[in-house]
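A.B. asks: This is the structure I want to talk about, given as structure tokens.
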Amino acid sequence: MPSYENGPLSQYSAFSAGVLPNDVFGVAINWFVNRNPLVSRLPKLPTGSPQFLITNDNYRPRSINLNNGSAVASGATSAVVADASMFDTGDVIQIEQEYLLVTAVDPGANSLTLTRGYAGTTAAAHNDGLPVFLISNSRTGAETNVASVSRIPQATTQYCQTVQHAYQVGGALQADSNYGTAYATPLDRDRMLAVQHVMDDFESACYYGKGVALTSASSRPLMKGVQSILTSNNVTAPTNAAAYKPSDLVRDTLQACFNGGGNPSLLVVSTDFLSAFAVWGHAAMRVNAGSNVFGTPIDLFEAPFLSGISIIPAPLLRPGTAICLSAHEARVRLKRSMIDKPRGSRGDAFEGDIIMEGAIEIDNEAHHAWVSGITAFSAV
């Protein structure tokens with residue numbers, strides 16, 4: 001007989017709502033951790049609303065282009081940039097080899113008033129369109145009523161999605177010993193299949209959901225998946241897609257995360273990357289004389305300045321896809337954890353539903369990266 005926490009389970013006692021806990025999410029994430037790594041591994045937080053805001057901190061950019069309309073003369077004391085709202089009085093900026101001090105900012109006209117040739121540099125003419133680099137802000141140490149640079153966080157709305165799958169077994173099948181095992185009755189197996197369907201649907205939506213709002217009682221909300229949330233670092237036609245190398249993966253994922261201000265710690269990859277890491281690893285592999293082992297176990301991807309990024313294969317990711325996450329900024333928000341709701345017996349059948357409602361949350365989308373469209377891998 002199957003054995004659960006409450007003791008031995010007969011083929012009929014499985015229909016008691018008290019046999020399995022109402023909340024079965026803990027069972028699901030342990031059972032399907034390899035098939036559904038994103039839903040299983042990310043932290044879980046509750047939400048009490050059918051929609052919630054995902055916040056993106058609006059960091060001050062470190063560079064912007066001149067938009068002066070003409071070259072900035074060596075004696076000019078003002079210049080127009082593409083967006084002056086990022087600057088503050090006291091900012092030290094650099095254009096080519098010249099350092100300049102910002103003494104006033106006019107956000108409406110996107111104009112900066114400047115002290116030229118700052119910090120011992122020489123004032124020079126600069127062509128329009130050149131990058132303006134923000135070095136740092138410098139204060140006198142005795143200023144009062146200093147105005148702040150307003151960088152209001154940007155938010156995007158995420159929608160909680162309900163996933164529901166039913167299970168149903170007729171009495172004749174439930175009583176048939178050919179379909180039962182020492183570990184599960186036919187109903188147990190069908191219930192677990194429903195759990196897997198819910199996990200698969202939720203995991204797939206976490207990747208590929210496009211976002212559909214709840215607008216009426218008949219709406220079918222759809223969460224925004226990682227591919228839709230990530231806009232800054234989203235590559236769908238990568239360079240060297242037909243001969244993708246480790247350096248390409250670093251460029252499209254880890255480097256992109258760092259450039260956006262992230263701290264990448266998790267690399268979720270489609271299962272064809274198992275072949276990629278074999279190709280990449282075998283090219284550098286040396287087999288010692290007398291060794292009968294070929295191959296290298298790989299579960300970390302190391303890159304310059306990084307101690308190692310955890311690699312997690314994801315069977316539901318489409319081939320040629322990798323997601324790099326700053327994992328501390330990613331989580332699953334649950335409005336309703338995965339629940340088992342038995343309907344009980346109806347006629348000669350035993351029925352129930354597995355239900356889950358929630359969405360993925362990815363803060364600061366520029367701290368993460370998505371690459372897809374890879375068709376083949378190369379070691380060189």
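The values are calculated or read from the model by the stated rules, or taken from the named source; none is laboratory data. Fair warning: this is a prediction, and the values are worked out from it, not measured in the lab. For neighbour counting, all protein chains shown are included, and Cβ atoms are generated from backbone atoms with ideal geometry for every residue, glycine included.
A.B. asks: Given the options S232, S218, name the one that is part of a loop (DSSP other than H, G, I, E, B), of a type outside the set (V, I, T) and within 14 Å of the chain's Cα centre (by Cα). Write out each step before concluding.
C.D. replies: Values: S218 fails: within 14 Å of the chain's Cα centre (by Cα).
The conditions single out S232.
A.B. asks: Right, here's the next one. Among the residues of segment 184-215, write down those that are part of a loop (DSSP other than H, G, I, E, B) and out of contact with any Ser or Thr (no Cβ under 8 Å at 6 or more places or on another chain).
C.D. replies: We begin by selecting, within segment 184-215, every residue part of a loop (DSSP other than H, G, I, E, B); these are 184-185, 209, 213-215.
Once the filter is applied, which keeps residues that are part of a loop (DSSP other than H, G, I, E, B) and out of contact with any Ser or Thr (no Cβ under 8 Å at 6 or more places or on another chain), segment 184-215 yields A184, T185, L214, T215.
A.B. asks: Is it the case that some residue within segment 335-344 is of a type in the set (A, V, I, L, M, F, W, C) and assigned to a loop (DSSP other than H, G, I, E, B)? Break it down stepwise before answering.
C.D. replies: Restricting attention to segment 335-344, the residues satisfying the condition of being of a type in the set (A, V, I, L, M, F, W, C) are 338-339.
Then drop every residue that is not assigned to a loop (DSSP other than H, G, I, E, B), which leaves none.
Looking through segment 335-344, none of the residues is of a type in the set (A, V, I, L, M, F, W, C) and assigned to a loop (DSSP other than H, G, I, E, B).
A.B. asks: Under 9 Å by Cβ, and 6 or more places apart or on different chains, what pairs join a residue from segment 189-213 that is on the phi > 0 side of the Ramachandran plot with one that is among the β-branched types (V, I, T)?
C.D. replies: G211/T156; G211/T157; G211/I229
A.B. asks: Okay, moving on. I'd like to check something: does segment 22-33 contain any residue that is outside the structural domain of I354 (by TED's automatic domain parsing) and surrounded by 17 or more Cβ atoms within 10 Å (Cβ to Cβ)? If you could, list the steps in order and put the result at the bottom.
C.D. replies: First, pick out the residues of segment 22-33 that are outside the structural domain of I354 (by TED's automatic domain parsing): none.
Looking for residues that are outside the structural domain of I354 (by TED's automatic domain parsing) and surrounded by 17 or more Cβ atoms within 10 Å (Cβ to Cβ), one finds none in segment 22-33, hence no.
A.B. asks: Which one of the conditions (1) in a loop (DSSP other than H, G, I, E, B); (2) out of contact with any Ser or Thr (no Cβ under 6 Å at 6 or more places or on another chain) does V33 fail to meet, given that it meets all the rest?
C.D. replies: Of the numbered conditions (1) in a loop (DSSP other than H, G, I, E, B); (2) out of contact with any Ser or Thr (no Cβ under 6 Å at 6 or more places or on another chain), the odd one out for V33 is (2).
A.B. asks: Quick one: in segment 307-356, of everything that is acidic (D, E) and over 23 Å from R35 (Cα atoms), which residue is modelled with the highest pLDDT?
C.D. replies: From segment 307-356, those acidic (D, E) are 329, 340, 348, 351, 353; that's our starting set.
If we keep only those that are over 23 Å from R35 (Cα atoms) too, we end up with 348, 351.
Details: D348: 81, E351: 90.
It comes out as E351.
A.B. asks: Then there is this: I need a count of the residues in segment 304-326 that are buried (at least 18 other Cβ atoms within 10 Å of the Cβ) and part of a loop (DSSP other than H, G, I, E, B).
C.D. replies: Residues meeting the conditions: 6.
A.B. asks: Across segment 345-365, what is the total count of residues that are closer than 19 Å to L42 by Cβ and either in contact with a helix residue (DSSP H, G or I) (Cβ under 9 Å, 6 or more places away or on another chain) or not in a strand (DSSP E or B) (or both)?
C.D. replies: Here is the first cut: in segment 345-365, the residues closer than 19 Å to L42 by Cβ are 356-365.
Restricting the remaining residues to those that are either in contact with a helix residue (DSSP H, G or I) (Cβ under 9 Å, 6 or more places away or on another chain) or not in a strand (DSSP E or B) (or both) gives 356, 358-365.
Final tally of qualifying residues: 9.
A.B. asks: Residue by residue through segment 216-273, note down the ones that are within 12 Å of S326 (Cα to Cα), surrounded by fewer than 20 Cβ atoms within 10 Å (Cβ to Cβ) and touching a Pro at 6+ places or on another chain (Cβ under 8 Å).
C.D. replies: Within segment 216-273, just F258 meets the criteria.
A.B. asks: Right, something else. Would you call V102 in contact with a Phe, Trp or Tyr (Cβ under 9 Å, 6 or more places away or on another chain) and part of a loop (DSSP other than H, G, I, E, B)? Working first, answer last.
C.D. replies: Working: in contact with a Phe, Trp or Tyr (Cβ under 9 Å, 6 or more places away or on another chain): yes; part of a loop (DSSP other than H, G, I, E, B): no.
In short, no.
A.B. asks: Yes or no: segment 105-113 includes at least one residue that is within 30 Å of D200 (Cβ to Cβ) and either exposed (fewer than 13 other Cβ atoms within 10 Å of the Cβ) or touching a Ser or Thr at 6+ places or on another chain (Cβ under 9 Å) (or both). Lay out the reasoning, then the answer.
C.D. replies: First, the residues of segment 105-113 that are within 30 Å of D200 (Cβ to Cβ): none.
Within segment 105-113, none of the residues are within 30 Å of D200 (Cβ to Cβ) and either exposed (fewer than 13 other Cβ atoms within 10 Å of the Cβ) or touching a Ser or Thr at 6+ places or on another chain (Cβ under 9 Å) (or both).
A.B. asks: Considering only residues that are within 14 Å of L66 (Cα to Cα) and free of Cβ contacts under 8 Å to residues at least 40 places away in the same chain, look in segment 85-97 and name the one that is surrounded by the most Cβ atoms within 10 Å (Cβ to Cβ). Step through it out loud before you land on a result.
C.D. replies: Start the filter on segment 85-97 by keeping residues that are within 14 Å of L66 (Cα to Cα), which leaves 85-87, 93-96.
Subsequent filtering for residues that are free of Cβ contacts under 8 Å to residues at least 40 places away in the same chain retains 95-96.
Numbers: I95: 21, E96: 13.
The extreme case among them is I95.
A.B. asks: Does A155 qualify as being small (G, A, S) and either crowded, with 20+ Cβ neighbours inside 10 Å or at pLDDT 95 or above (or both)?
C.D. replies: Values: small (G, A, S): yes; either crowded, with 20+ Cβ neighbours inside 10 Å or at pLDDT 95 or above (or both): no.
Here the answer is no, as A155 does not meet what is asked.
A.B. asks: Which of the residues that make up segment 58-99 are assigned to a loop (DSSP other than H, G, I, E, B) and under 30 Å from H367 (Cβ atoms)?
C.D. replies: Passing the criteria: N58, Y59, R60, P61, R62, N67, A82, D83, F87, D88, T89, G90.
A.B. asks: Here's a follow-up. Out of curiosity, is E329 surrounded by fewer than 17 Cβ atoms within 10 Å (Cβ to Cβ) and closer than 26 Å to S270 by Cβ? Walk me through it before giving the result.
C.D. replies: Working: surrounded by fewer than 17 Cβ atoms within 10 Å (Cβ to Cβ): no; closer than 26 Å to S270 by Cβ: yes.
It is false that E329 is surrounded by fewer than 17 Cβ atoms within 10 Å (Cβ to Cβ) and closer than 26 Å to S270 by Cβ.
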